[in-house]
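The values are calculated or read from the model by the stated rules, or taken from the named source; none is laboratory data. Just so we're clear, the structure is a prediction, and the values are computed from it rather than from any experiment. With ideal geometry, Cβ positions are generated from the backbone for all residues, glycine too; neighbour counts draw on all protein chains shown.
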Amino acid sequence: MPNLERARLEAFELLFAGNRSAVFSYFFGQLNDREEARDQTQETFVRVWSRIDQVMELATDRRRYWLFGVAKNVLIDCCRRRKVRESGLVRLQVDAMREAPPDPCAVAQRSLALSDLDRAIAALPDDRRLILTMTVIGGMTSEEIGGVLGRPAGTIRSVLHDARCRLRAAMWADCPL
């Protein structure tokens with residue numbers, strides 16, 4: 001493999017390995033749909049690969065910010081496509097056949113708990129849900145999230161604390177103590 005191709009591939013692999021979970025969490029926080037977040041993460045890195053020469057010219061510390069700029073554009077495109085689909089175009093839904101659960105009670109309890117958690121997360125204000133998912137799923141620090149979103153790290157920590165308090169209150173609201 002020629003040296004330039006090897007350098008391009010190494011630059012892409014470093015960017016991908018160091019940022020894939022953060023980019024996924026960004027999309028998951030915005031879209032609240034795991035499969036759609038995966039698709040948009042993939043689309044982001046396809047676009048990154050097509051511009052890898054441009055990425056290589058950037059200083060190493062600027063690459064992550066450039067990557068999230070691409071992710072933001074992918075999100076905008078995704079939201080536009082969603083609006084078109086939801087405006088009356090036919091949507092196909094496919095339900096997969098699943099095996100019978102080994103313990104129906106345990107599966108039902110887990111399903112209810114996950115549904116409650118999903119509802120509580122979905123009920124969070126957009127900025128709280130985004131920061132929570134970027135932290136929990138993406139493993140990003142408040143400084144990194146602040147850099148991506150253009151907000152101070154202290155504000156990010158405050159919003160994250162508020163999101164966790166709201167989740168705690170929602171999940172324990174029906175607890176008879």
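Can you go through ALA169, ALA163, ALA106, ALA100 and tell me which one is modelled with pLDDT of 85 or more and more than 23 Å from the chain's Cα centre (by Cα)? So that I can check it myself, show each step before the final result.
Details: ALA163 fails: more than 23 Å from the chain's Cα centre (by Cα); ALA106 fails: modelled with pLDDT of 85 or more; ALA100 fails: modelled with pLDDT of 85 or more.
Only one candidate qualifies: ALA169.
Given the structure, is VAL48 farther than 29 Å from ASP118 by Cβ and modelled with pLDDT of 85 or more?
Details: farther than 29 Å from ASP118 by Cβ: yes; modelled with pLDDT of 85 or more: yes.
Yes.
Going by what's in this entry, would GLU13 be described as closer than 30 Å to LEU124 by Cα, of a type in the set (Asp, Glu) and over 12 Å from the mean Cα position of the chain (by Cα)? Can you show your working first?
On the way: closer than 30 Å to LEU124 by Cα: no; of a type in the set (Asp, Glu): yes; over 12 Å from the mean Cα position of the chain (by Cα): yes.
No, not satisfied.
Given (1) in contact (Cβ under 8 Å) with a residue 12 or more places away in the chain; (2) among the small types (Gly, Ala, Ser); (3) more than 17 Å from ASN32 (Cα to Cα); (4) surrounded by 15 or more Cβ atoms within 10 Å (Cβ to Cβ), identify the lone condition not met by ALA163.
(3)
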